[in-house]
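The values are calculated or read from the model by the stated rules, or taken from the named source; none is laboratory data. From a predicted model like this one, the values you see are computed outputs, not experimental measurements. Cβ coordinates were reconstructed from backbone atoms using ideal geometry, including for glycine residues, and neighbour counts include every protein chain displayed. In case anyone asks, the SASA skips ligands and DNA or RNA and just uses the protein heavy atoms, side chains included. Shrake-Rupley method; radii C 1.70, N 1.55, O 1.52, S 1.80 Å.
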Amino acid sequence: MHLADPERHDRLPLRRAGRTGLDLPAVTLGLWQNFGDGTPFADQRALVLRAFDLGVVHLDLANNYGPPPGAAEESVGRLLATDLAPYRDELLLATKAGYRQWPGPYGEFGSRKYLLASLDQSLRRLGVDHVDVFYSHRFDPATPLEETIGALKTAVDSGRARYAGISSYSARRTREALAVADGIGLPLALHQPSYSMLNRWVEQPDDAAGGRSLLDVAGDAGLGVVAFSPLAQGMLTRKYLGGVPEDSRAARGGPLRPEYLSDENLARVRALAAVADARGQSLAQLAIAWVLRDPRVTSVALGARTPEQLEENLAAVRGPALTAEEVAEIDRHAVDAGINLWGSRSSNL
């Protein structure tokens with residue numbers, strides 16, 4: 001049984017999530033990568049427990065995280081039944097549904113049948129009677145928002161979730177979801193978009209949202225923002241500056257597409273690495289600090305392969321604030337690089 005660090009709740013700054021009562025740690029542990037059958041459970045356990053001891057009390061899951069789908073939730077379920085059993089109510093446990101989880105017409109998208117069935121499966125894998133946050137993982141243009149958001153309300157009203165959120169919805173679709181939620185008496189709490197120095201779509205004005213960006217809409221509505229992929233799936237590290245390592249996501253056929261590693265994009269990464277060097281930081285630390293510079297961002301969801309890598313990245317929240325001059329220099333190179341993997345499947349719809 002794990003004995004948690006008694007100072008764990010003093011190690012990370014907390015940020016209030018919009019107009020909710022939730023305080024989130026500046027860093028969330030994302031379990032999208034490295035929590036499938038290809039990673040020994042002992043390594044998964046070591047990473048989660050070290051994160052908890054460092055104050056990372058927010059665990060971000062989805063029904064399809066693995067591989068295979070469901071594997072990440074099963075791993076966390078094992079920990080909740082053993083090492084983390086005494087600490088369940090210290091944790092903010094989030095999961096999502098929207099992408100493919102099982103075969104057939106009811107295994108993905110935004111129907112009431114799929115979302116609530118998926119949530120019930122997630123609860124069984126996790127071994128809990130509720131999650132703290134349940135998200136619609138993507139906008140579904142073929143299902144009325146009234147049905148999708150209504151399913152989130154049922155999840156909250158039934159006690160299977162404490163809060164509801166949406167992920168990767170554009171500014172326009174977020175406004176529409178907020179209007180539906182308001183009409184049925186559901187307070188949406190969180191939005192989870194991708195956001196990094198190479199993927200700045202959340203800042204772009206949306207004519208269909210009255211010229212407001214997603215960050216504007218979230219800020220106006222009091223939504224907390226949990227930004228995922230702040231390291232652009234590893235591009236905002238030094239990993240790919242000398243080629244593609246054999247054990248990297250790009251080499252393993254993961255979501256980091258080889259075409260993203262263009263000469264133009266790598267030149268941007270090198271220029272940003274020079275800014276990090278001048279600040280005495282790693283490139284990853286600079287990337288995290290940059291996303292957190294906006295007060296509308298509540299937390300960044302980070303993955304990690306090892307406890308040591310996580311600790312290095314957590315140091316970003318204790319680093320010096322970015323100066324106006326540094327932000328201006330970053331803006332010269334931090335331009336949208338066409339790497340929004342989720343755009344065609346949600347945020348552009």
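Quick notes on this structure:
- Screening segment 318-332 for residues that are open to solvent by 60 Å² or more (accessible area, probe 1.4 Å) and small (Gly, Ala, Ser) and picking the one that is nearest to the chain's Cα centre (by Cα) gives 321.
- Whichever residue in segment 76-90 is of a type in the set (A, V, I, L, M) and open to solvent by 10 Å² or more (accessible area, probe 1.4 Å) and, among such residues, is farthest from residue 43 (Cα to Cα): 85
- Residue count, segment 228-271 (criterion: more than 18 Å from the chain's Cα centre (by Cα), at pLDDT 85 or above and outside any loop (DSSP other than H, G, I, E, B)): 9
- Set 287, 301, 315: member being surrounded by 13 or more Cβ atoms within 10 Å (Cβ to Cβ), more than 18 Å from the chain's Cα centre (by Cα) and not in a loop (DSSP other than H, G, I, E, B): 315
- Residue pairs whose Cβ atoms lie under 7 Å apart, separated by 6 or more positions or on different chains, with the first residue in segment 33-56 and in contact (Cβ under 8 Å) with a residue 40 or more places away in the chain and the second among the polar types (S, T, N, Q) and assigned to a helix (DSSP H, G or I), are 35/44; 35/75.
- For segment 157-176, a residue qualifies if it is open to solvent by 10 Å² or more (accessible area, probe 1.4 Å), under 19 Å from residue 221 (Cα atoms) and part of a helix (DSSP H, G or I), and the qualifying residues are 172, 173, 175, 176.
- Test result for residue 160, at pLDDT 95 or above, over 27 Å from residue 71 (Cβ atoms) and of a type in the set (D, E, K, R): no
- Within segment 124-140, if we keep just the residues that are in contact with a Lys or Arg (Cβ under 9 Å, 6 or more places away or on another chain) and assigned to a loop (DSSP other than H, G, I, E, B), the residue that is surrounded by the most Cβ atoms within 10 Å (Cβ to Cβ) turns out to be 137.
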